[in-house]
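See structure below.
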Amino acid sequence: MTEPDTEPTTLTIRVESAESFFEDALDDLERLESDDVEESHVLSLPDEDALDRVLNPKNLELLRTTLNREPASVRELARFVERDVKNVSTAVNELAELGVVELEAEGRAKRPVVWYDEIEVRYSLRDRDPDSGDRTAGVS
């Protein structure tokens, strides 16, 4: 398989509060109205635990295998990674609900598709708002 001559497509994952998410969404809407838009694919997650669930080693293996081997079905993906079909199906369906994987109907089977070839994670190390219940500067 040869590498394409096009720029890689990137999925950006941001760990951010709901407030930050809505502020960013408003900024995006303003850019859409001004036609100052570059195509981007962003997944917003609420905390580190959610990030860990999405980017755990087993899910990363599923994403890599789906991108590189292009399985015809979830069952074939499970064979490629040598895991139980039920566990792979559960993981792929959770990733699909988040938009990290697409599931395309192929007859009775669902074909998993990864439409990006890079993941960029954006995470602020700044303390979070103490009123939100997140970490604060006083917590060690």
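Pull up all non-local amide H partners of residue 13: gap of 5 or more, or a different chain, and H-to-H distance under 5 Å with H placed in the peptide plane.
43, 120, 121, 122
Counting Lys +1, Arg +1, Asp -1, Glu -1, what net charge surrounds residue 95 among other residues with beta carbon under 13 Å of its beta carbon?
Summing Lys and Arg as +1 and Asp and Glu as -1 gives 0.
How much length, in nm to one decimal, is gained on full extension between residue 122 and residue 90, taken as 0.36 nm per residue of separation minus their Cα-Cα distance?
So the extension gain works out to 8.9 nm.
Efficiency by 1/(1 + (r/R0)^6): what FRET value for residue 7 and residue 98, r their Cβ-Cβ distance, R0 = 25 Å, to the nearest 0.05?
On the way: r = 24 Å, r/R0 = 0.95.
Taking R0 as 25 Å, the efficiency between residue 7 and residue 98 is 0.60.
Every number in this text was worked out from the coordinates using simple rules, so none of it is lab data. What you see is a predicted model, and the numbers here were worked out from it, not measured in a lab. Ideal geometry is used to build each Cβ from the backbone, glycine not excepted, and the neighbour counts take in all protein chains shown.
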